[in-house]
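The values are calculated or read from the model by the stated rules, or taken from the named source; none is laboratory data. What you see is a predicted model, and the numbers here were worked out from it, not measured in a lab. For neighbour counting, all protein chains shown are included, and Cβ atoms are generated from backbone atoms with ideal geometry for every residue, glycine included. When the accessible area is computed, the model is the full protein with side chains, heavy atoms only, and any ligands, DNA or RNA have been set aside. Shrake-Rupley method; radii C 1.70, N 1.55, O 1.52, S 1.80 Å.
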Amino acid sequence: MPDSDTGAPPRVVLVTAAALAVALAVAVAVFALTQRSSDSADSGPLPLVPVPAPFASAPGCTTLLGAVPTELTSNGTSLKVRTLADPAPPATVAWGDQDPLVLRCGLDRPPELTPTAALRLVNKVQWLQVPGDGASTWYVVDREVYAALTVPDSAGTGPLQQISDTVAAKLPPRPLRFS
């Protein structure tokens, strides 16, 4: 019912409309803050499950991890080194916020490394690819220590090439060991 003097809607309608507008603005702000905080959680410390790395303190791991780049390039995107959540696995480094790449050093010989295993030579380093669900783990198999680079299927070949360059520059090749 309009106000008979001014023709304006009743005060109750105006107050209700204003309250609904404020409630909508609050809902949009809460949604935006929730999205922003979940995005920032992606760039917080990365929790990783520890895997057996009995040779993580080997000199080869110290040399390799001390030389890895602070940035990797994947499909034209720069992936920066990621902080690992405590307790961080030893001899491990990661890059990228979403679908991070993870390099672990000092691992046992991968059981998939057999005399008939298909190996790939990337920038003078022999790698054994072990496909997984949504990612592949590539093992360096011709150096004094075994290292593994887990790469999401969405990544390009750049990170594997960059890590190969570091491995080749810092660790001399060794004959393959099958036992």
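At a glance:
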read-out	value
Residue within region 119-128 that is basic (Lys, Arg) and farther than 26 Å from Pro175 by Cα present	no
Residue in region 66-84 that is within 20 Å of Pro159 (Cα to Cα) and of a type in the set (Asp, Glu) present	yes
Matching residues, region 53-74, being assigned to a loop (DSSP other than H, G, I, E, B) and either farther than 22 Å from Val140 by Cα or more than 16 Å from the chain's Cα centre (by Cα) (or both)	Ala53, Pro54, Phe55, Ala56, Ser57, Ala58
Identity of the residue in region 76-90, under 20 Å from Gln161 (Cα atoms) and not charged (D, E, K, R), that ends up surrounded by the most Cβ atoms within 10 Å (Cβ to Cβ)	Leu79
Boolean, Gly132 is in contact with a strand residue (DSSP E or B) (Cβ under 9 Å, 6 or more places away or on another chain), touching a residue at least 60 places away in the same chain (Cβ under 8 Å) and either of a type in the set (Asp, Glu) or farther than 18 Å from Thr70 by Cβ (or both)	no
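This table checks each residue for (1) closer than 19 Å to Thr70 by Cβ; (2) acidic (Asp, Glu); (3) touching a residue at least 12 places away in the same chain (Cβ under 8 Å).
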site	(1), (2), (3)
Leu101	yes, no, yes
Gly106	no, no, yes
Thr116	no, no, no
Gln126	no, no, yes
Val145	no, no, yes
Thr150	yes, no, yes
Leu160	yes, no, yes
Pro175	no, no, yes
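Yes/no matrix, rows are residues, columns are (1) open to solvent by 50 Å² or more (accessible area, probe 1.4 Å); (2) basic (Lys, Arg); (3) in contact with a His (Cβ under 9 Å, 6 or more places away or on another chain); (4) on the phi < 0 side of the Ramachandran plot:
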position	(1), (2), (3), (4)
Cys105	no, no, no, yes
Asn123	yes, no, no, no
Val130	no, no, no, yes
Asp133	yes, no, no, yes
Trp138	no, no, no, yes
Tyr146	no, no, no, yes
Thr150	no, no, no, yes
Ala155	no, no, no, yes
Ala169	yes, no, no, yes
